[in-house]
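Participant: Got a structure here, written out as structure tokens. Questions coming.
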Protein chains: 2
Amino acid sequence: MNASPRRKELTRLAAQLFVQEGFDRTTVRMLAQEMGIKSGSLFHHFKDKQEILAAVIEEGTQNALSIAKAALKQCEDDPEARLHAMARAHLETLFADRNAHVVALFEWRRLDAASRAHLSHLRDAYEELWVEVIDEALAVGLIHGDRFFVSRFILGALNWTVRWHDPAGPRTPDDLADELVAMITAR
Amino acid sequence: MNASPRRKELTRLAAQLFVQEGFDRTTVRMLAQEMGIKSGSLFHHFKDKQEILAAVIEEGTQNALSIAKAALKQCEDDPEARLHAMARAHLETLFADRNAHVVALFEWRRLDAASRAHLSHLRDAYEELWVEVIDEALAVGLIHGDRFFVSRFILGALNWTVRWHDPAGPRTPDDLADELVAMITAR
DNA sequence: CACTCACACTAGCGCTTGCTTGGTTAGTGG
DNA sequence: CCACTAACCAAGCAAGCGCTAGTGTGAGTG
């Protein structure tokens with residue numbers, strides 16, 4: 001839709017508040033205050049509260065998709081390297097764009113049907129990348145099991161990191177990716 | 001606190017609504033209607049809306065704790081068997097008591113400070129069981145890696161199943177536990 | 001200079017929210 | 001038969017909600 005720099009900045013602030021308070025508890029008055037304007041002025045930038053949520057999630061998912069694509073492109077054909085690159089890319093976006101992704105993961109249900117339909121495609125495109133990489137790893141015996149279960153388990157383990165990992169701590173996304181890949185690959 | 005059978009039934013219904021709508025979107029009027037009473041009558045059973053949430057989470061966590069303890073008790077000393085038993089017990093509670101656990105996982109932030117402090121102890125006691133089992137598995141080389149990361153990854157993968165697994169489908173919690181343990185154990 | 005337009009403001013409407021109050025009802029033990 | 005109690009209801013309050021209407025205002029454009 002619209003992509004003015006002002007709107008981008010407002011979206012960023014909204015993401016932060018949505019994480020802090022949750023979407024339902026975040027009032028348009030809180031959003032406006034955080035943005036330094038009055039609540040009425042908010043609706044000059046966004047049609048309604050729903051549209052703010054959709055903007056936050058779209059922004060985050062777009063970033064994740066392009067980062068993952070880039071990571072895979074500059075990566076040799078070795079399935080282990082590609083698996084590792086995907087895991088690292090996933091964790092890096094997750095923490096670089098932490099607010100947007102936490103919202104995407106935990107406030108998805110709050111989207112109305114129209115936004116959800118639109119954003120589902122983005123999400124599917126991203127998961128498609130994962131399935132490919134996992135299929136390659138399965139084909140060469142790097143990991144074992146059902147492709148469906150394995151991909152869900154891996155994404156679950158990765159997504160859950162936002163619940164316990166401290167981005168200010170000593171461990172980098174790269175460290176986490178190492179640990180995860182080491183845990184699931186046969187030795 | 002109180003544990004009348006009526007209250008237990010109301011708690012069960014509340015859990016269902018909290019899952020369907022989310023805690024914030026569930027109004028006391030919706031809760032009352034689902035229970036077949038008027039909204040005012042609700043406050044005869046619970047002090048306020050917060051207390052309903054706390055009751056739901058407490059119920060679910062208590063069950064998880066006792067089921068996991070039982071599963072470990074009737075289990076030989078083999079670390080792989082114990083790991084598998086924990087995973088299966090986790091998944092079984094997760095889907096037997098699905099509503100309560102989904103609420104515990106995704107509405108934890110809505111608890112007030114007092115309830116959160118009280119319930120944290122229960123939660124910690126449960127995670128303590130996991131850490132023990134994982135330490136045993138690490139000690140005999142069944143799995144590898146940092147105990148902290150490994151346990152977080154495993155719990156993340158397991159908890160995330162509520163987002164994609166269909167309990168009515170053909171795959172049982174036992175199947176999922178098999179897959180998960182197979183994925184992470186060295187061969 | 002007149003004009004537009006993005007942006008912001010004030011004021012408040014209509015509705016829903018969690019919760020309170022004061023009273024009623026059905027069942028139980030003495 | 002009465003006293004007691006758990007369970008419920010009708011009515012509504014005060015606060016807060018998303019959102020709208022109408023009105024500047026200052027910067028850029030012809």
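Taken together, the values in this text are just the output of simple stated rules run on the coordinates, not laboratory data. Please read these numbers as outputs of a predicted model, since none were measured by experiment. No Cβ is skipped: glycine too gets one built from the backbone with ideal geometry, and neighbour counts run over all protein chains shown.
Participant: Of all residues in segment A:24-45, which are away from DNA strand D (no atom under 11 Å from the Cβ) and surrounded by 15 or more Cβ atoms within 10 Å (Cβ to Cβ)?
Facilitator: Of everything in segment A:24-45, those that are away from DNA strand D (no atom under 11 Å from the Cβ) and surrounded by 15 or more Cβ atoms within 10 Å (Cβ to Cβ) turn out to be A:Glu34, A:Met35, A:His45.
Participant: Just a yes or no: is a residue in segment B:122-144 at the interface with chain A (Cβ under 8 Å from one of its Cβ atoms), surrounded by 15 or more Cβ atoms within 10 Å (Cβ to Cβ) and over 19 Å from the mean Cα position of the chain (by Cα)?
Facilitator: Filtering segment B:122-144 down to residues at the interface with chain A (Cβ under 8 Å from one of its Cβ atoms) leaves B:143-144.
Those still in the list that are surrounded by 15 or more Cβ atoms within 10 Å (Cβ to Cβ) too: B:143-144.
Still in the list and also over 19 Å from the mean Cα position of the chain (by Cα): B:143-144.
Within segment B:122-144 (the criterion being at the interface with chain A (Cβ under 8 Å from one of its Cβ atoms), surrounded by 15 or more Cβ atoms within 10 Å (Cβ to Cβ) and over 19 Å from the mean Cα position of the chain (by Cα)), the answer is yes, since at least one residue qualifies.
Participant: What number of residues in segment A:145-168 are of a type outside the set (A, V, I, L, M, F, W, C), within 11 Å of another protein chain (Cβ to nearest Cβ) and over 23 Å from B:Arg171 (Cβ atoms)?
Facilitator: Number satisfying all stated conditions: 3.
Participant: Of A:Ala114, A:Ala71, A:Ala100, which residue is of a type in the set (Gly, Ala, Ser), more than 16 Å from DNA strand C (Cβ to nearest atom) and more than 29 Å from A:Arg29 (Cβ to Cβ)? So that I can check it myself, show each step before the final result.
Facilitator: Details: A:Ala114 fails: more than 29 Å from A:Arg29 (Cβ to Cβ); A:Ala100 fails: more than 29 Å from A:Arg29 (Cβ to Cβ).
None of the other options fit; the residue is A:Ala71.
Participant: Just for helices (runs of 4 or more DSSP H) wholly inside segment A:88-187: which have at least 2 residues that are free of Cβ contacts under 8 Å to residues at least 12 places away in the same chain? Spell out the reasoning first.
Facilitator: Values: elements: A:98-106, A:113-139, A:147-160, A:173-184.
Once the helices (runs of 4 or more DSSP H) in segment A:88-187 are filtered for at least 2 residues that are free of Cβ contacts under 8 Å to residues at least 12 places away in the same chain, what remains is A:113-139, A:147-160, A:173-184.
Participant: Does segment A:67-80 hold any residues that are without any contact (Cβ under 8 Å) to a residue 40 or more places away in the chain and either under 22 Å from B:Thr161 (Cα atoms) or assigned to a helix (DSSP H, G or I) (or both), and which are they? Steps first, please.
Facilitator: The initial filter retains those residues of segment A:67-80 that are without any contact (Cβ under 8 Å) to a residue 40 or more places away in the chain, namely A:67, A:70-71, A:73-78.
The answer is A:Ile67, A:Ala70, A:Ala71, A:Lys73.
Participant: Condition first: within 14 Å of chain B (Cβ to nearest Cβ) and over 29 Å from A:Val19 (Cα atoms). Can you find one or more residues in segment A:86-100 that meet it? Full working, then the answer.
Facilitator: Restricting attention to segment A:86-100, the residues satisfying the condition of being within 14 Å of chain B (Cβ to nearest Cβ) are A:87, A:90-91, A:94.
If we keep only those that are over 29 Å from A:Val19 (Cα atoms) as well, we get none.
Looking through segment A:86-100, none of the residues is within 14 Å of chain B (Cβ to nearest Cβ) and over 29 Å from A:Val19 (Cα atoms).
Participant: Can you tell which of A:Leu83, A:Leu10 is more than 14 Å from chain B (Cβ to nearest Cβ) and either touching a residue at least 40 places away in the same chain (Cβ under 8 Å) or within 16 Å of DNA strand D (Cβ to nearest atom) (or both)? Please lay out each step first, then the result.
Facilitator: On the way: A:Leu83 fails: more than 14 Å from chain B (Cβ to nearest Cβ).
It is A:Leu10.
Participant: Would you mind telling me which numbered condition in (1) surrounded by fewer than 20 Cβ atoms within 10 Å (Cβ to Cβ); (2) farther than 18 Å from A:Ala15 by Cβ; (3) touching a His at 6+ places or on another chain (Cβ under 9 Å) A:Phe95 fails?
Facilitator: All conditions pass for A:Phe95, except number (2).
Participant: What are the residues in segment B:103-121 that are crowded, with 21+ Cβ neighbours inside 10 Å and within 12 Å of chain A (Cβ to nearest Cβ), if any?
Facilitator: Start the filter on segment B:103-121 by keeping residues that are crowded, with 21+ Cβ neighbours inside 10 Å, which leaves B:103-104, B:110.
Answer for segment B:103-121, where residues must be crowded, with 21+ Cβ neighbours inside 10 Å and within 12 Å of chain A (Cβ to nearest Cβ): just B:Arg110.
Participant: Out of all the residues in segment B:46-60, which are within 15 Å of DNA strand D (Cβ to nearest atom) and not basic (Lys, Arg)? Break it down into steps so the answer makes sense when it comes.
Facilitator: Filtering segment B:46-60 down to residues within 15 Å of DNA strand D (Cβ to nearest atom) leaves B:46-49, B:51-52, B:55.
Residues satisfying the conditions are B:Phe46, B:Asp48, B:Glu51, B:Ile52, B:Ala55.
Participant: Restricting to segment B:46-61, and then to whatever is surrounded by fewer than 18 Cβ atoms within 10 Å (Cβ to Cβ) and of a type outside the set (Lys, Arg), can you tell me which residue is nearest to DNA strand C (Cβ to nearest atom)?
Facilitator: B:Asp48
Participant: Count, please, the residues in segment B:7-45 that happen to be under 22 Å from the mean Cα position of the chain (by Cα) and either among the aromatic types (Phe, Trp, Tyr) or more than 10 Å from DNA strand C (Cβ to nearest atom) (or both).
Facilitator: Adding up the residues that qualify gives 16.
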